[in-house]
1. Being assigned to a helix (DSSP H, G or I) and in contact with a strand residue (DSSP E or B) (Cβ under 8 Å, 6 or more places away or on another chain) narrows it down to one residue among Glu96, Glu58, Glu82; which is it?
2. Could you check region 31-78 and list, in sequence order, the residues that are of a type in the set (Asp, Glu) and within 16 Å of Ala95 (Cβ to Cβ)?
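Nothing in this text is a laboratory measurement; each read-out follows from the coordinates by a stated rule. Quantities reported herein were computed from a predicted structural model and do not represent experimental measurements. With ideal geometry, Cβ positions are generated from the backbone for all residues, glycine too; neighbour counts draw on all protein chains shown.
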Amino acid sequence: MYKLIKPLALPLVACLVLTISSTSLAQDYLWVDVRSASEFSSGHLPTAINIEYSRIIEGVEQHNFNKNTELRLYCRSGRRAEIAKQKLISLGYNAENYGAYKKLLTQPNES
């Protein structure tokens, strides 16, 4: 969706702003790294977003994810991803635990 904004100070100048709603994205799945921010910054899947497992509910609500989109969760070992998965499933989200980040790096076409 595009939105045209005319700044008040410069009425003849208009800015084109691209607004992306996560509910309107046509994606079958979304990678979610549930590790800490410092772990995420040390390396993550290229398309992943970071929501710590302890804040997974607030995070998905903040991003307004479509409940039909598969949330592919991962962490260091799979334990935190499993905790996050159970919380999400209890709220009706489509979530899967993909286990350990390092293991995903060795599998083709996972990012």
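1. Numbers: Glu96 fails: assigned to a helix (DSSP H, G or I); Glu58 fails: in contact with a strand residue (DSSP E or B) (Cβ under 8 Å, 6 or more places away or on another chain).
From the options Glu96, Glu58, Glu82, the qualifying one is Glu82.
2. Asp33, Glu52, Glu58, Glu61, Glu70
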